[in-house]
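See below for the structure under consideration.
The values are calculated or read from the model by the stated rules, or taken from the named source; none is laboratory data. Since we're looking at a predicted model, the values are computed, not measured. All accessible areas refer to the heavy atoms of the entire protein, side chains included, with ligands and DNA or RNA removed. Shrake-Rupley method; radii C 1.70, N 1.55, O 1.52, S 1.80 Å.
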Amino acid sequence: MLTEINPVVLPALRIAATFFLVVNVNRGVYIFRNRHRFFDQDPTISEDIAPVRKLRVEVVLIPWSTLTLVVLILLIYLWMQ
């Protein structure tokens with residue numbers, strides 16, 4: 001389906017993909033800068049052990065990195081056309 005993109009809409013697709021990539025990277029920077037607030041030990045939870053905290057990081061990191069990679073590959077593909 002991507003092989004038959006109308007050349008007239010390529011600039012709009014490039015701008016949109018770049019915008020989404022910038023927004024997604026900014027979200028990642030925000031999460032990284034506030035990682036202690038999101039992923040450190042919570043004193044209100046009695047069984048907040050290290051493996052649980054590691055899983056919380058993975059639950060956020062895996063979808064974020066996958067989404068970033070997909071948008072980056074799409075953006076590279078759009079700029080190569």
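Compared with the dominant Cα axis of the chain, that is its longest principal axis, helix 10-33 is turned about 10°.
Using alpha carbons only, the radius of gyration of the chain set against its Kirkwood radius gives Rg/Rh = 1.20. May I ask for the angle, rounded to the nearest 10°, between helix 50-80 and the longest principal axis of the chain, with both axes built from Cα atoms and the value confined to 0 to 90°? Helix 50-80 sits at roughly 10 degrees to that axis. Over the chain, accessible surface divided per residue gives 81 Å², non-protein components excluded, 1.4 Å probe.
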